[in-house]
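J.: Below are the structure tokens for one structure; questions will follow.
The values are calculated or read from the model by the stated rules, or taken from the named source; none is laboratory data. Just so you know, these numbers come straight off a predicted model, no measurement behind them. Don't worry about glycine lacking a Cβ; one is built from the backbone with ideal geometry, like all the others, and counts go over all protein chains shown. Side chains are part of the model used for accessible areas, which takes the heavy atoms of the whole protein and leaves out ligands, DNA and RNA. Shrake-Rupley method; radii C 1.70, N 1.55, O 1.52, S 1.80 Å.
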Amino acid sequence: MKSVVILQNIEKNTNLGQLIRTCNALGVAEVCVLGRKKYASFGNQRTHSSTAIRHFFDYPSAYAFYKKQGYRLVAVEISPRSESVNRVQFGDDTAFVMGNEGQGVPQAALALCDAHVHIPQYGAGASLNVNVACGIVLNAFMASAPRTPNPIVQHKFIAASGEAE
């Protein structure tokens, strides 16, 4: 069971870098960057080089590619169709669509997705940072995945490369 994260026009370079780092830590097969071809990824803590990155200029192209690869496309967005990520049992290869910081996932992209999930919130805030939301959703996905986490040695994870993170 594999996951991909599709990033819809993420505006802030620090968010992009931190998203790459989060995706790497949570075993994402690849990160798909939509929109601009040139981007900076500040805050990735050297994970950019060990994370597969794919680029598309628009969502319909990415959608067609991942559907052909057998992925189920799931938007991370509050919508009339969305259900709590805490109640979803993931069982298929899944591509998560993360919207940008201002507008979220566009309606045209939402219409193409197989499902929508949201993260329940209980405090006074109305939303979460896109990187935080991505981490929560990927952790829920990994809870359903038949994978073994990296080992821990002296309070650090031992990465696949053998180096402590």
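J.: Can you tell me which condition VAL153 does not meet? The list is (1) modelled with pLDDT under 95; (2) touching a strand residue (DSSP E or B) at 6+ places or on another chain (Cβ under 8 Å); (3) under 21 Å from ASN9 (Cβ atoms), and all the others hold.
T.: (3)
J.: Note down all Cβ pairs under 9 Å where the first residue falls in segment 109-129 and is closer than 26 Å to LEU34 by Cβ and among the aliphatic types (A, V, I, L, M), the second is in a loop (DSSP other than H, G, I, E, B) and open to solvent by 60 Å² or more (accessible area, probe 1.4 Å), and they're at least six residues apart or on different chains.
T.: LEU110/ARG81; ALA115/ARG81; ILE119/ILE78; ILE119/LEU128; LEU128/GLN121
J.: Using the structure shown, decide if LEU138 is of a type outside the set (S, T, N, Q) and in contact (Cβ under 8 Å) with a residue 40 or more places away in the chain.
T.: Judged against the criteria, LEU138 is a match.
J.: Give me a count of the residues in segment 133-146 that are in a loop (DSSP other than H, G, I, E, B) and surrounded by 10 or more Cβ atoms within 10 Å (Cβ to Cβ).
T.: Residues flagged as in a loop (DSSP other than H, G, I, E, B) and surrounded by 10 or more Cβ atoms within 10 Å (Cβ to Cβ) within segment 133-146 amount to 1.
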